[in-house]
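**Student:** Here it is, the structure in full.
The values are calculated or read from the model by the stated rules, or taken from the named source; none is laboratory data. Remember, predicted model here, so these are calculated numbers, not experimental data. No Cβ is skipped: glycine too gets one built from the backbone with ideal geometry, and neighbour counts run over all protein chains shown. Quick note on the areas: whole protein, heavy atoms, side chains included, nothing else; ligands and nucleic acids left out. Shrake-Rupley method; radii C 1.70, N 1.55, O 1.52, S 1.80 Å.
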Amino acid sequence: GKVPTAVASVLLNVPLLKNLMGIFNLVDASASNMKRILKEGGNIKIYIGGIAELFKCCRTEERLYLKKRKGFIKLALRAGVDVIPIYCFGNTSVLSVLTHGPLAALSRKLQASLTLFWGKWYLPIPRDEKLLYVVGKPLGLPHIVEPTQEDIDKWHKVYCDQVRDIFEMYKEKVPLYKHKKLFID
C-alpha cells in the first residue's frame, strides 16, 4: 500500500485543510501517532525541512535544522525500522516566500506556513525549475529497545553525514544548486 507522509499536527486541525490532507495520505507527525503506525507494521515518510527551513533557505544556501531534531532516530531505533535519507533539490527554488512581517512571525509560532509565497509571474505557481529527488542508502539501524543518548547521537550523525554527502554529490546536477552551500544547524 501507500506509505503515508508525516506532517505537522497543526495542519490536521485546520477545517478544510485536514480533509485535503487525507486525500494525499498525510498523517499526524506526533510521536504517539508515528509509534502506533510503526507498531502496526507500517512505514512513514518524513521529509527534511519545516518552517525553520522555509524562512532560512535562499538562492545561495540551504539550511537544515537537524541538530536538535533527533526524535525520528530514537523512534526508528526503538521500533527496529531503518531510516533512508532523501534530499529534494529545487524545492527551495520553485517558490519565493515572504520571510518577514506578522504572517512570518505567526507561521513560526504556529509551526505552520501562513505566509505569502509566489513563483512564476508572481503567482502561487511553481517556477519551471529542475527538481531532483535523491534517495540514499538505508542507514542500517539496529533495533535498540531503550537507546542511550550516545546511540541516538551516533545514528543521527550518520544520518546527517549521509544527507550532506547526497547534497555534495548531486548538487552539480541542478543548475541553481551548483554554487549553493548546505548548512546543518
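**Student:** Within the stretch 152-164, which residues are charged (D, E, K, R) and open to solvent by less than 40 Å² (accessible area, probe 1.4 Å)?
**Tutor:** Matches in the stretch 152-164: none.
**Student:** Another question, then. Could you check, for the stretch 38-48, whether at least one of its residues is basic (Lys, Arg), open to solvent by 50 Å² or more (accessible area, probe 1.4 Å), under 24 Å from Tyr170 (Cβ atoms) and touching a residue at least 40 places away in the same chain (Cβ under 8 Å)?
**Tutor:** Yes, that holds for at least one residue.
**Student:** Taking the stretch 61-85 as the region of interest, how many residues are among the charged types (D, E, K, R), within 30 Å of Pro175 (Cβ to Cβ) and either modelled with pLDDT of 95 or more or touching a Phe, Trp or Tyr at 6+ places or on another chain (Cβ under 8 Å) (or both)?
**Tutor:** Residues in the stretch 61-85 being among the charged types (D, E, K, R), within 30 Å of Pro175 (Cβ to Cβ) and either modelled with pLDDT of 95 or more or touching a Phe, Trp or Tyr at 6+ places or on another chain (Cβ under 8 Å) (or both): 3 in total.
**Student:** Consider Lys109 carefully, then state whether it is under 21 Å from the mean Cα position of the chain (by Cα) and more than 24 Å from Val10 (Cα to Cα).
**Tutor:** It is false that Lys109 is under 21 Å from the mean Cα position of the chain (by Cα) and more than 24 Å from Val10 (Cα to Cα).
Quick grid of which residues meet (1) among the aliphatic types (A, V, I, L, M); (2) within 22 Å of Lys56 (Cβ to Cβ):
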site	(1), (2)
Ser96	no, yes
Thr99	no, yes
Leu106	yes, yes
Leu110	yes, yes
Leu123	yes, no
Arg127	no, yes
Pro138	no, no
Ile144	yes, no
Lys173	no, no
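**Student:** Going through Arg59, Arg78, Arg69 one at a time, which residue ends up being in contact (Cβ under 8 Å) with a residue 60 or more places away in the chain and not in a helix (DSSP H, G or I)?
**Tutor:** On the way: Arg78 fails: not in a helix (DSSP H, G or I); Arg69 fails: in contact (Cβ under 8 Å) with a residue 60 or more places away in the chain.
Only one candidate passes the filter, namely Arg59.
**Student:** Please work out which residue is least open to solvent (accessible area, probe 1.4 Å), limiting yourself to the stretch 49-85 and to residues that are of a type in the set (Lys, Arg) and out of contact with any Cys (no Cβ under 6 Å at 6 or more places or on another chain).
**Tutor:** Lys70
**Student:** Looking at this structure, is Tyr177 touching a residue at least 40 places away in the same chain (Cβ under 8 Å), open to solvent by 50 Å² or more (accessible area, probe 1.4 Å) and of a type in the set (Ser, Thr, Tyr)?
**Tutor:** no
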